[in-house]
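Inspection log for the structure reproduced underneath, given as structure tokens.
Every number here is computed from the coordinates shown, using simple stated rules; none is lab data. As the structure is a computational prediction, the values presented were derived from the model and not from experiment. Neighbour counts are summed over all protein chains in view; Cβ atoms, including those assigned to glycine, are modelled from backbone coordinates with ideal geometry.
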């Protein structure tokens, strides 16, 4: 799976640089949105086709809520510790990391505090999403399936969901989607809250 992902990105870079006309490139954002919606639709079709979606949700029970809580605590806690080695305060590091991979919202929420902190939030959250796309297939093979849900954070419900599904088992889809949704709702609450501490 990792080879396919890297190949697709490299192929896209080469196509964008050498072949895609500027008029078509101007609509890349629309194509990405449509493509992502199509992928998510197909994941939903696959879940529905198996007929055990609701059974999986009931079987997961309360455990499905523990994953996003653990991801949030682990992410923010690690950011606080990493601030000892970075030119950021613990508060700034925790606020930037509380974007949980949502690289478009976290920088916007932090832009009123500092342009530098906004840039740090953008880069760290982009790196989280891209890194998770590359690492999920490896983590699935070497560590386990549930661990894959933690890597992308909020992106576990959308852009990275197909990678999680392709690298793990269908039953992990529920954990990934629910974790991503809960973390996405947490971002606009936690980022400003941390900056007010």
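With the simple spin-label model, which puts each label point 7 Å out from Cα in the Cβ direction, the residue 13 to residue 81 separation comes to 3.2 nm.
Residues considered: 34, 64, 165. Largest GNM mean-square fluctuation over the chain, using C-alpha springs under 10 Å, is found at 34. For region 60-122, averaging the sequence separation of C-alpha pairs within contact (under 8 Å, six or more residues apart) and dividing by the residue count gives a relative contact order of 23 percent. Ellipticity at 222 nm from helices only: DSSP H runs of n ≥ 4 in the chain, each -39500 (n - 2.57), divided by the residue count, give -24500 deg cm²/dmol.
The mean sequence distance of close C-alpha pairs (under 8 Å, at least 6 residues apart), as a share of the length of the chain, puts its relative contact order at 24 percent.
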